[in-house]
Amino acid sequence: MELCTRTFTSFLLSNSFFSSNKILLLANANTSVFKFNSLKLFAPHDHHFQPFISRYNSFSSPFIASAASSSSSVAVGTEQDSLPAELKVTETEQLKSTVKLHVEVPPLVCEDCYKRVIAEFMKQAKVPGFRPGKKVPEEILIGYVGRQNVQKATIESILRRTLSHAMTSVTGRALQDSVRIVTKFSEMEETYSSLGSLRYDVIVDVAPEIKWIPDNNAYKNLKIVVEIDSDIDAQIASEQEFKRRYKSIGALKVVTDRGLQVGDVAVLDISATTIDQDESNVKSIPSAESKGFNFDTEDGDKVLPGFLDSIIGIHRGESKSFPLVFPETWKQENLRGVHAQFNVECKELFYRDLPELDDSIADKLLPGCSTVEQVKDLLLQRCLEVEQTAREQATDNAILDQISKMVEVDIPQSLFEEQGRQLYGANLLEIQAKMKLNEQQLASLSSPKAVNQYLEHQKENITNLIKQNLAVGDIYRRENLQFATEDLVKEVENSVAEFKRQNQEYDEERVKDQVQEILEGAKVLEWLREHVEIQYITR
């Protein structure tokens, strides 16, 4: 997330940068879904931070240095310049981990900034009748440059010079790039003109405090229930995969002299309507309808209970009509408990002509194998690896979901937007990789409107992800966890290589930060898996 700024355009300040609506895309194939410990804090000497004027409501046109419209470039004041007098800063805590700083700049500081501005104009302004570099009387210089422009330049100089000093009270807490001056420029001009001093308000987001429920040791007493899909059970999955491979090497032949049996494959046209005594209330069920549906009868357990039994014996070209009830456990909630009348027409009917199941077909089942038993062993081994990976992922997801519910966090808006934009950027990269969007499509999806709609629709998910990230970062610090430096170096090299392979631009320092966050997160999840009570259930 960039610090969006609008500097007074009469100066082309040498170290300023301008806001952009483009999305920063910092995702690659090696990065995790979760971005851990992601807070970046403002410090006065942080080279990432540049305290610019931001979010003013009114700015004049660029400063024209002379009637011939030759503009001058003026830069005065430095971010950490010492001040001739102390600022008065009043800090007020606000909602969403935000702090408001009311800054009062005394006349002595304002006068010093004014003198610097005049000295800088003296160096750069080409006043007719005076040689370059020669001292020009102040009133003549002001008359040439314009009193209003001198005043604007002085105010900007004051802001540039005092902002980092005003931020001292939130050093170490302020989130990088969240600083914005909210006082209108016109109001500052009025104060400076009448009083010779300056007042302005700064809003800054600070690192949110995490409150664990019911106490700070809550994460140490986790009890997690992990639901495992029966489809990933290694034994069951390997048997199904073996059966699928065996069936795939058999030939399908047309059934001519009998009706449907278990083991056959039928091509069906299916339609369904609700059952109601009042015929005017009968409705079709689109989600239960299909034309040319290829139905493998050995998958009868995957369709509506009773469907297979109702069509056993059906012949090619024959139709059957029968009632069924959708069970209360049906995946589509709107169909649970619905009484339906099905109409099925058998368009085609096939049986499988399978070869003898012996070692002679082992290589066809799995290239390189010489026996059927070897095929089964290798398939089981592969499925065990898949099951282990799935169990670990399901465990991590359950842990992260649980800890996000155990913390209370007042999330600042800048952090929410940064996380949301990163997720949107990653999604956009994925879409681009799959669909090869053209420039117009990419511009449309990258528009502020599209991004804001995503932030709004995904508000709950983004919030939960931030809570997970903050909770994981908090655990990492509390438990003094560490990872090997060589792991960081290796993963950064891999990520950079991936960016280069895909011809994508990258910031190596940012890549390093992201990799570090991922490694920290992995350490936390490893620690939690060892210390929490986990129960696995199959669904």
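The values are calculated or read from the model by the stated rules, or taken from the named source; none is laboratory data. These numbers come from a predicted model, not from an experiment. Methodologically, a virtual Cβ is constructed for each residue, glycine included, from the backbone with ideal geometry; neighbour enumeration extends over all protein chains shown. Ligands, DNA and RNA are stripped out before the accessible areas are found, and what is left, the full protein with its side chains, is counted by its heavy atoms. Shrake-Rupley method; radii C 1.70, N 1.55, O 1.52, S 1.80 Å.
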- Message: Let me cross-check H339: its accessible surface, 1.4 Å probe, with only protein heavy atoms counted, in Å² to the nearest 10?
- Response: 100 Å²
- Message: Rolling a 1.4 angstrom probe over the protein chains, ignoring ligands and nucleic acids, what is the accessible area of D229 in square angstrom, nearest 10?
- Response: 60 Å²
- Please list the non-local residues whose amide H lies under 5 Å from the amide H of K347, H modeled 1.01 Å from N, same-chain partners needing a gap of 5 or more. V267, L268, D269, G317
- Ranked by accessible surface with a 1.4 Å probe, highest first, in what order do I311, I249 come? I249, I311
- Message: If I take R0 = 25 Å and measure r between the Cβ atoms of K434 and E509 in this structure, what FRET efficiency does the formula 1/(1 + (r/R0)^6) give, to the nearest 0.05?
- Response: 0.30
- Other-chain or far-sequence residues with amide H under 5 Å of Y536's (modelled H): V226
- Item | Summed side-chain charge close to I411 - residues other than I411 whose Cβ falls under 13 Å, Lys, Arg +1, Asp, Glu -1 | -3
- Compute the relative contact order of region 315-356 as a whole-number percentage, counting only Cα pairs closer than 8 Å that sit 6 or more residues apart in sequence. 47 percent
- Message: So, for region 154-310, what is the accessible surface per residue at a probe of 1.4 Å, expressed in square angstrom?
- Response: 49 Å²
- Provide the per-residue ³J(HN,Hα) series for region 439-455, in order, calculated from phi with Karplus coefficients 6.51, -1.76, 1.60 and θ = phi - 60°, each as a whole number of Hz, with x at glycine and proline positions. 4, 5, 5, 5, 5, 5, 6, 8, 5, x, 5, 5, 5, 5, 4, 4, 4
- Query: For L481, what is the net charge nearby, where nearby means another residue's Cβ is under 11 Å from its Cβ and Lys, Arg count +1, Asp, Glu -1?
  - Reply: 0
- Task: May I ask you to evaluate 6.51 cos²θ - 1.76 cosθ + 1.60, the Karplus curve with θ = phi - 60°, for each residue of region 368-375 and list the ³J(HN,Hα) values in order in whole Hz, giving x for glycine and proline?
- Result: x, 8, 10, 9, 5, 5, 5, 4
- Query: Summing Lys, Arg as +1 and Asp, Glu as -1, what charge do residues with Cβ under 14 Å from the Cβ of R199 carry, R199 excluded?
  - Reply: -2
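Which entries of K331/K436; K364/K436; K253/K364; K247/K291 have Cα-Cα distances beyond 26 Å here?
Violating the 26 Å limit, Cα to Cα: K331/K436; K364/K436.
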- Query: Can you list the HN-Hα couplings for region 288-296, worked out from phi with the Karplus curve (6.51, -1.76, 1.60; θ = phi - 60°), rounded to whole Hz and with x for Gly and Pro?
  - Reply: 9, 9, 7, 10, x, 6, 7, 10, 8
- Message: Quick check: pseudo-label points 7 Å beyond the Cα along Cα→Cβ at K115 and S169, how many nm apart are they?
- Response: 2.9 nm
- Task: For region 130-222, run through the trypsin sites (Lys or Arg not before Pro) and keep only the ones in DSSP coil with at most 15 other Cβ atoms within 10 Å of their Cβ.
- Result: K134, K135, K184
- Item | Placed amide H near D410: partners under 5 Å, 5+ positions off or other chain | E209
- Query: Using alpha-carbon pairs under 8 Å, 6+ residues apart, how would you state the relative contact order of region 391-539 in percent?
  - Reply: 29 percent
- Message: Nothing charged except the Cβ atoms of Lys and Arg (+1) and of Asp and Glu (-1): what's the magnitude of the dipole of region 381-472 about its Cα centre? Round to the nearest 20 debye.
- Response: 280 debye
